[in-house]
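Undergrad: Have a look at the structure that comes next, please.
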Amino acid sequence: MRLLLATHNDHKRREFERILARHGTFELDVLPASFELPPEDGETFAENALGKARAAAAGSGRVSIADDSGIAAAALGGAPGVRSARYAGEHATDRENLEKLLREVPAESALEYICVIAYVDPADGTEQTFEGRCGGRLASQPRGEGGFGYDPAFLPEDTPAGESPTRTMAELSDEQKDAISHRGRAAEALVRWLGERAAD
């Protein structure tokens, strides 16, 4: 099955390609750089993901998926949430956002990664969303070279078998991260649903 991924974020594209490749029956295309996605101004991750998937489906006539994701800090009442990518300003870098979180949230505080993937089929009007979550806590300082965003300071609760939760998301291998990440879990839910839908 071919899916159009509504993103211009290379990190997300690579993660989706990795996750879906494990299932062997999906081919992923990405939007051309010239395609303008709608602003992420929704109040929820689902609103933002649906907005992007709908725009891609309407513009291409193809089955499209999009995600919106972010981090929620208990110490901040769930912020930055949907503003995770713009936490330190509209054009903030990953590093600037992470540094702001480390300044404002005490080490060891509870965190949660949240991802919602939206699926839109323009042929029959089907729309569906899938949510994935990953709980964790804030490291005292960034560690690791993998991942992106807040990964270097995110200590996931779920770890590879037999390990204590001492490695950040950025210190895990791609396979280990995909197995427990919010995006990996949302994508797995999407894949299960697509399989059930095809079987009907």
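Undergrad: Ratio of Rg to Rh for the chain, alpha carbon only, Kirkwood? Spell out each step's value before the answer.
TA: Numbers: Rg = 16.7 Å, Rh = 17.2 Å.
Radius of gyration over Kirkwood radius for the chain works out to 0.97.
Undergrad: Still on this structure: Within segment 55-74, list the residues whose amide N lies under 15 Å from a label point set 7 Å along Cα→Cβ of A110.
TA: Of the residues in segment 55-74, 72-74 have backbone N under 15 Å from the label point off A110.
Undergrad: Still on this model: Highest mean first, how do 128-140, 99-111 rank when packing is the count of other Cβ atoms within 10 Å averaged over residues?
TA: For the peptides 128-140, 99-111, the packing ranking is 128-140, 99-111.
Undergrad: Modelled label-to-label distance, N9 and R103, 7 Å Cα→beta-carbon offset: nm?
TA: Inter-label distance under the simple model: 2.2 nm.
Undergrad: What list of whole percents do you get for P(r) of segment 74-191, with Cα-Cα distances grouped in 5 Å bins up to the one holding the largest distance?
TA: 2, 11, 19, 22, 19, 12, 7, 4, 2, 1
Undergrad: Among rounded, prolate and oblate, which fits segment 12-53 when a ≥ b ≥ c are the square roots of the eigenvalues of its C-alpha gyration tensor, a/c under 1.5 means rounded, and a/b larger than b/c means prolate?
TA: Verdict is oblate for segment 12-53.
Just so you know, all these numbers are worked out from the coordinates, no wet-lab data involved. Computed from a prediction, not measured in an experiment: that's the story for all the values here. All Cβ positions, glycine included, derive from the backbone under ideal geometry; neighbour counts span all protein chains shown.
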